[in-house]
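Presented below is the structure to which this report refers.
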Amino acid sequence: MDFFEQQERTRRKTRWLVIDFGLVVLVMVLVIYVALALATQMIAGKNVADLLGQPRGWGRLFSLPGFLGVAGLTLLVIGLASLYKIQELAQGGSVVGAMLGGRPLTSPASDPDEQKLRNVVEEMAVASGTPVPEIYVLDEERGINAFAAGHSPSDLVVGVTRGALKTLSREELQGVVAHEFSHILNGDTRLNMRLMGLSFGILCIAVLGRWLLQLTFNLRWENDDEEVRLGGLARGPRGLVVAGLGIGLLGIGSIGVFCSRLIKSAISRQREFLADAAAVQMTRNPLGLAGALKKIGGSPRHGRLLSAQAETASHLFFGNGLADPWWRWLATHPPLADRIRVLDPTFDGSFPAVALPEPLRVGPATKAEAPLVPKRLGQLHPDQFIAAVGLPSAGHLDHAATLRLALPEPVRLAAGQPPGAVALIYALLLDADPEQRAAQLKLLDDGSDPAVQTELEGLVEPVMGLGVEARLPLLDLAMPALRRLSAQQHAGFMQRVQALIESDRQLNLFEYTLQRALRRHLEPYYAAPRKPIIQFYALKPLLADCAVLLSALARVGQEEPAGIEAAFRQGANQLNARDERLTLLEAGACDLSRIDAALDRLAQSTPMIRKNALYACAQTVAADGQVREREAELLRAIADALECPVPPFVAPPAASSPGPVTNPA
């Protein structure tokens, strides 16, 4: 199953998810109504047993107005709670990170373990062709666990517990992060966020019952040892009524908790095996991931979290974040031993005791001797290109690690801080011509932040010395810091980016790619995020848009008319347009503004239509067997706009290469 099939499967699962939760709510309405009807009969002094023993006794309990009232009130409570949580989660994965008690890793870390985590996450992002997600550390959590959350690559976070940071080696941490990136690339995180919103409405019934019992009996739940302590019993009839109501709601809510866990389990368990397999493909090191799972089994706390929100987010975690359920099918994750045996067939079922490793010391990175960027970016094989979307290989991860280490230290440090990240984007847009560059720098002098100006002075030369292959990965590395700009700073930043692009009265492909990526990945942080809506379920209405993209790619990659026509035709033949023959467009009919409009329409199509269009684009680029700089930039812009994460254009090493991907922290 490739990236696009997985996306289509996730889209179908979302519909079934809503249906499943609708059935759970219906069951809860029926149970609540029956419980209230029986309680009403008992309060009226009637013998419930005699009533139910009579012919049609159950029918006498039913009252249509009463049932509709109970149903309406229950649906209102559950609906409002779910709506509240869905609105809260609309802000992205950072809400989940804060909800679980996480601390954002916002600056170059002095802690070696945190720096190790940052390096691993950055390498994974570059290898995957996605912006670097925000990183959260759960400082209070001693269990070994991790999570990924968010709706799209623009608002994702990756979180790791302090126990995982202190316990896992780099290879083990790399396996865990690769597992979480697999969930990101497959669209699992979007489904998980919806699951959180819907399940919260059901869980709120039990939470309300628990709160009433705490109010009445002074109960206190201890998350650490999971004990319930009973304080003084509230006296008087009111206390008994409140207590009875609390017990009833807790009991009824427990049905919702049970059903919610069952749905989470059904959705999550198989995905964990798939994510494990994808992580191994990325790292080429099954024993690293197996080692992390073994340490979870040998840790006193395993993967359990202390957070009161662990139940709501239980399906997000790398390992089981709750105490083992009484019934194994309620677990959101497969048994540890089963996951380990798939990775390490020699595993005997015993978990070694966990010992904390010695702290790692982060030394200065050494520069790679080989030049970062070749003049040509190598060959492109369309089938391999499509297969790599959302599923980077170990070769891509090796390339990302090498690229990160080869970056000049001022560039790497600048990417982690907002002023430096802003200056880095400005430096990427500066012209190679000295006179034009001087005019651009003068333009930036007016009203720019002094801190940005200072950073820019030290970045112009090292950024100018970078090859083209480092430019888009630098944008991905800078994205977390750019998201920390204030709304006013972001507005000024985007205005200056626009001014730099317009300074030479031309818009080249790199400028277009960079500007579109900035808009797509930053706007959700500063404006109400727009929910993607599928409007096209067939390719035919989008053939004209495909013609725009194929014509542009053909003209970018070829110079001779015959070569342009051949490249266009090779891509067009992949679209299976039976009734229509696409025609190569003139240069003016496939300019960047028309490309922009075509991408906006294609982004509203189903995953399989996007796959077809992207495959046709890859065929056009591959017509001469080479990927040139301008072709790579346009193909990356197309893939990013269609939410298809494309790894770097590199020739991965042979698949048989043994051993893990090893790098300094």
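The values are calculated or read from the model by the stated rules, or taken from the named source; none is laboratory data. Not measured: the values here are computed from a predicted model. Here the Cβ positions follow ideal geometry from the backbone for every residue, glycine too, while neighbour counts run over all protein chains shown.
Of note:
- Annotation: of all residues in region 612-626 being of a type outside the set (A, V, I, L, M) and modelled with pLDDT under 90, the one that is nearest to THR583 (Cα to Cα) is ASP624.
- Selected residue (criterion: farthest from the chain's Cα centre (by Cα)) from residues of region 167-187 that are over 15 Å from ARG284 (Cβ atoms) and β-branched (Val, Ile, Thr): THR167
- Test result for LEU105, touching a Phe, Trp or Tyr at 6+ places or on another chain (Cβ under 8 Å) and farther than 22 Å from ASP276 by Cα: yes
- Options ARG484, ARG505, ARG520: the member that is among the basic types (Lys, Arg), in contact (Cβ under 8 Å) with a residue 60 or more places away in the chain and in a loop (DSSP other than H, G, I, E, B): ARG484
- When region 436-470 is filtered for residues that are polar (S, T, N, Q) and modelled with pLDDT of 85 or more, the ones remaining, listed by number, are GLN436, GLN440, GLN453, THR454.
- Residues in region 426-454 that are in contact (Cβ under 8 Å) with a residue 60 or more places away in the chain and hydroxyl-bearing (Ser, Thr, Tyr): TYR426 only.
Results for (1) modelled with pLDDT under 65; (2) farther than 30 Å from ILE247 by Cβ; (3) crowded, with 16+ Cβ neighbours inside 10 Å, shown as yes or no for each residue.
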| site | (1), (2), (3) |
| --- | --- |
| ILE32 | no, no, yes |
| THR40 | no, no, no |
| TRP58 | yes, no, no |
| PHE62 | no, no, no |
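- Segments classed as strands (runs of 3 or more DSSP E), wholly inside region 64-183, with at least 1 members that are surrounded by fewer than 17 Cβ atoms within 10 Å (Cβ to Cβ): none
- VAL411 being in a helix (DSSP H, G or I) and surrounded by fewer than 17 Cβ atoms within 10 Å (Cβ to Cβ): no
- A single member of ALA632, ALA597, ALA589 is buried (at least 18 other Cβ atoms within 10 Å of the Cβ) and either closer than 21 Å to PRO382 by Cα or in contact (Cβ under 8 Å) with a residue 24 or more places away in the chain (or both), and it is ALA632.
- The listed residues are ALA423, ALA432, and the only one of them that is more than 32 Å from the chain's Cα centre (by Cα) and either at positive phi or not acidic (Asp, Glu) (or both) turns out to be ALA432.
- Residue within region 506-513 that is surrounded by 18 or more Cβ atoms within 10 Å (Cβ to Cβ), under 23 Å from HIS151 (Cβ atoms) and not assigned by TED's automatic domain parsing to the domain that holds GLU629 present: yes
- Residues in region 472-489 that are surrounded by 14 or more Cβ atoms within 10 Å (Cβ to Cβ) and more than 23 Å from the chain's Cα centre (by Cα): GLN489 only.
- Close pairs from region 340-360: first farther than 13 Å from LYS295 by Cβ, partner assigned to a loop (DSSP other than H, G, I, E, B) and at pLDDT 90 or above, Cβ under 8 Å, at least 6 apart: ARG341/PHE347
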